[in-house]
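Structure, as structure tokens:
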Amino acid sequence: MSARLSSAAQAALLGLALAVPATPAAAQSFAVTNATIVTGDGSEPVAGATVVVRGGRVVAAGPGVAAPADLESIDGTGKWVTPGLVAAVTELGLWDVSGVQDSNDASARSSPFSAALDIAPAINPASQHIAISRAAGITRAVVAPSAASSIFAGQGAVIDLADDADPIVRRRAFQYVEMGETGARLAGGSRVAAHALLRNALREALDYGRGEAIGGAGMRGREPGRVTDPQVVDNRMVPPAGERASDVLLTRFDAAALVPVVRGEQPLYVHVERAADIRAALALPREFPRLKLVLVGASEGWLAAQEIAAAGVPVIANGLTDLPSSFEQIGSTQSNIGRLVAAGVKVAINAAAMEQPRYLPQFAGNLVALTRMPRASGLSWGQAFAAISSVPAEIAGLASGTGTLRAGAPGDVVIWSGDPLEAGSTPEMVFIDGVDQPLDNHQTRLRERYRTLDESRLPKAYDW
């Protein structure tokens with residue numbers, strides 16, 4: 001028998017090799033010295049400081065910190081060092097080309113399920129959008145589905161952007177629901193229908209939660225979806241008088257997915273824009289006291305800032321929505337986030353349309369610039385950076401210290417060429433959990449390919 005493998009055998013071996021996951025890189029230990037340090041907790045930048053990372057964790061950061069002699073030392077002279085950025089609501093890893101449906105898993109237009117949809121299995125760690133965002137200094141992201149056939153879009157996930165095969169930090173991290181104009185359209189053409197659908201679903205989940213989960217032996221005396229107590233007749237469940245079994249609108253799978261929401265174990269991200277819709281969302285805990293709400297969008301949040309602050313509900317707001325693109329954004333203003341923060345609301349900056357989180361530093365920088373404009377409300381430098389680092393990490397329920405350079409925080413460290421909130425600054429090194437990450441991607445390769453183009457090697461032009 002010939003020692004040379006057939007082409008089919010070679011292809012099979014290559015397939016096996018590609019199927020074997022790469023061994024995760026070991027966390028590094030290092031110190032960055034003489035840099036301008038940003039702790040990410042709202043404090044202002046500090047010059048001439050040092051950051052120490054050991055075993056994938058931040059050990060110390062500050063102007064009086066000495067670099068241990070046994071660690072690799074990186075000279076940070078003229079550089080800025082920050083924690084990794086955290087993108088609050090994105091679609092990273094869910095599509096390659098958004099306009100090509102076969103490559104887009106952000107929404108499920110024809111699915112029989114809604115709240116039960118879990119986007120985690122669809123996230124592609126090899127997505128160029130993840131690589132491009134990583135090169136922009138983003139180390140963690142919250143990935144949310146988009147609603148298509150129901151007000152419930154499904155369950156989002158938290159990911160890291162490390163160059164490995166396992167991006168999931170937490171699956172089923174929250175439930176995402178559309179209210180306002182989009183919710184009204186999906187529910188039947190009216191906000192009235194959207195609120196009726198939402199409340200009915202939450203009540204069905206409450207009732208379902210009193211029985212066994214999907215796959216159990218029964219409902220412990222309750223029928224899935226019942227709002228009132230059924231009765232037992234001849235050893236079978238029958239609904240109370242005047243109530244039909246068809247009154248149940250959710251599938252068992254969807255009802256089970258909403259049980260952690262009504263129990264307060266899973267946050268409910270509610271997309272609302274106008275002030276009236278915000279106030280309607282804030283009223284939900286009166287009926288469902290355990291709900292953990294997070295408002296997304298909130299273009300008119302400043303009009304309800306006192307109510308949001310009193311309710312203790314965090315907001316994920318678009319950075320620069322200043323012109324209305326719909327009737328529900330009539331009251332939008334660039335000062336929205338500044339006014340919300342001034343009222344005591346916890347606010348994270350979101351990327352516009354969830355698609356380009358790499359622009360988060362520019363949004364934050366514009367909010368700093370607003371402080372210099374008469375009658376405008378912006379954020380201090382430290383507040384603006386925290387709104388794209390520690391605040392979104394806290395809202396997402398990430399590990400303590402994520403988005404900061406405090407002792408014990410994950411070793412997500414970015415070394416910038418200059419002030420990260422200036423458009424001309426770029427990340428030069430990005431560490432996730434102490435692991436140095438590659439910054440090349442499709443865009444950088446195209447740049448290098450055409451930076452010095454040798455026109456003598458161009459294909460011959462057609463003769464017309």
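Gain in length, residue 330 to residue 442, computed as 0.36 nm per residue apart minus the alpha-carbon separation, to one decimal in nm? Show your work: numbers first, answer last.
On the way: separation 112, 0.36 × 112 = 40.32 nm, distance 3.87 nm.
So the chain would gain 36.4 nm between residue 330 and residue 442.
For a quick check: sort 79, 460 by the number of other beta carbons within 10 angstrom, fewest at the front.
Details: 79 21, 460 5.
By the 10 Å Cβ count, ascending, the order reads 460, 79.
Given Cα pairs under 8 Å that are at least 6 residues apart, what percent is the relative contact order of the range 299-373? Before the final figure, lay out each step's value.
Working: 96 pairs, mean separation 25.8, N = 75.
34 percent.
Among 153-164, 58-69, what's the highest-first ranking by average C-beta atoms within 10 angstrom per residue? Provide the component values of the computation, followed by the final result.
Working: 153-164: 24.5, 58-69: 15.6.
The packing order, highest mean first, is 153-164, 58-69.
What is the sum of charges around residue 381, taking Lys and Arg as +1, Asp and Glu as -1, for the other residues whose C-beta is under 10 Å from the C-beta of residue 381? Please list the in-between numbers first.
Numbers: positive: none; negative: 44, 419.
Every neighbour counted, the sum reads -2.
Which of 269, 450 has the fewest other C-beta atoms within 10 Å, and how do the rest follow up to the most? Write out the running numbers ahead of the final one.
Numbers: 269 25, 450 8.
The order, fewest Cβ neighbours first, is 450, 269.
Return, for the Cα atoms of the range 97-157, the radius of gyration and Dmax in Å, separated by a comma.
Considering the range 97-157 through its Cα atoms, Rg and Dmax are 12.6, 38 Å.
Rounded to the nearest 0.05, what FRET efficiency do residue 166 and residue 359 give with R0 = 35 Å and r taken as the Cβ-Cβ distance? Could you check? Mind dumping the intermediate values first?
On the way: r = 27 Å, r/R0 = 0.77.
Computed FRET efficiency for residue 166 and residue 359 comes out at 0.85.
How would you rank 439, 186, going from fewest to most other Cβ atoms within 10 Å of each one's own Cβ?
Working: 439 18, 186 22.
Fewest to most other Cβ atoms nearby, the residues stand as 439, 186.
Once phi is turned into ³J(HN,Hα) by the Karplus curve 6.51 cos²θ - 1.76 cosθ + 1.60 with θ = phi - 60°, what whole-Hz value does each residue of the range 392-401 show in order, with x for glycine and proline?
x, 5, 5, 4, 7, x, 6, 4, 3, x
Taking amide H positions as placed in the peptide plane 1.01 Å from N, state which residues far from residue 74 in sequence (5 or more) or on other chains have amide H under 5 Å from it.
Hits under the 5 Å cutoff: 31, 32, 33.
Shape of the range 36-150 from its Cα gyration tensor (a ≥ b ≥ c, root eigenvalues): rounded if a/c is under 1.5, otherwise prolate when a/b > b/c, or oblate? Show your work: numbers first, answer last.
Values: a/c = 3.20, a/b = 2.92, b/c = 1.10.
Here the range 36-150 falls in the prolate category.
Determine the dipole magnitude for the range 253-333: charges of +1 sit on the beta-carbon of Lys and Arg, -1 on that of Asp and Glu, nothing else is charged, the reference point is the Cα centre, and the result goes in debye to the nearest 20.
Details: 6 positive and 9 negative charges, 62 e Å.
The dipole of the range 253-333 has a size of about 300 debye.
Tell me, rounded to the nearest percent, the portion of alpha carbon pairs in the range 269-394 spaced more than 20 Å apart.
On the way: 2950 of 7875 pairs.
Here the long-distance tail beyond 20 Å is 37 percent of all Cα pairs in the range 269-394.
Under the Karplus relation 6.51 cos²θ - 1.76 cosθ + 1.60, θ = phi - 60°, what is the ordered set of whole-Hz ³J(HN,Hα) values for the range 268-283, x standing for Gly and Pro?
For the range 268-283, the Karplus-derived couplings read 10, 7, 10, 7, 9, 10, 7, 4, 4, 5, 4, 5, 5, 5, 5, 7 Hz, x marking Gly and Pro.
Which ³J(HN,Hα) values in Hz, rounded to whole numbers, follow from the phi angles of the range 359-368 under the Karplus curve 6.51 cos²θ - 1.76 cosθ + 1.60, where θ = phi - 60° and Gly and Pro get x?
With the stated coefficients, the range 359-368 comes to 8, 3, x, 5, 4, 4, x, 5, 5, 5 Hz.
How high is the FRET efficiency between residue 73 and residue 110 when r is their beta carbon distance and R₀ equals 35 Å, given to the nearest 0.05? Please list the in-between numbers first.
Numbers: r = 56 Å, r/R0 = 1.61.
About 0.05, to the nearest 0.05.
Cα centroid distance between the range 73-103 and the range 362-384, in Å?
22 Å
Compute the FRET efficiency between residue 98 and residue 193 as 1/(1 + (r/R0)^6), taking r as their Cβ-Cβ distance and R0 = 22 Å, and round to the nearest 0.05.
Values: r = 28 Å, r/R0 = 1.28.
Calculated transfer efficiency: 0.20.
Which net charge results when you count Lys and Arg as +1 and Asp and Glu as -1 among the other residues whose beta-carbon is under 9 Å from that of residue 152? Before the final figure, lay out each step's value.
On the way: positive: none; negative: 178, 254.
In short, -2.
Using modelled amide H (1.01 Å from N, peptide plane; none on Pro or chain starts), what sits under 5 Å from the amide H of residue 272, excluding residues fewer than 5 places away?
Counting only residues 5 or more places away or on other chains, the set is 296, 298.
Each value in this text was obtained by applying a stated rule to the coordinates, not by laboratory testing. Model, not experiment: these values are computed from the prediction. Every residue, glycine among them, receives a Cβ derived from its backbone with ideal geometry; neighbour counts consider all protein chains shown.
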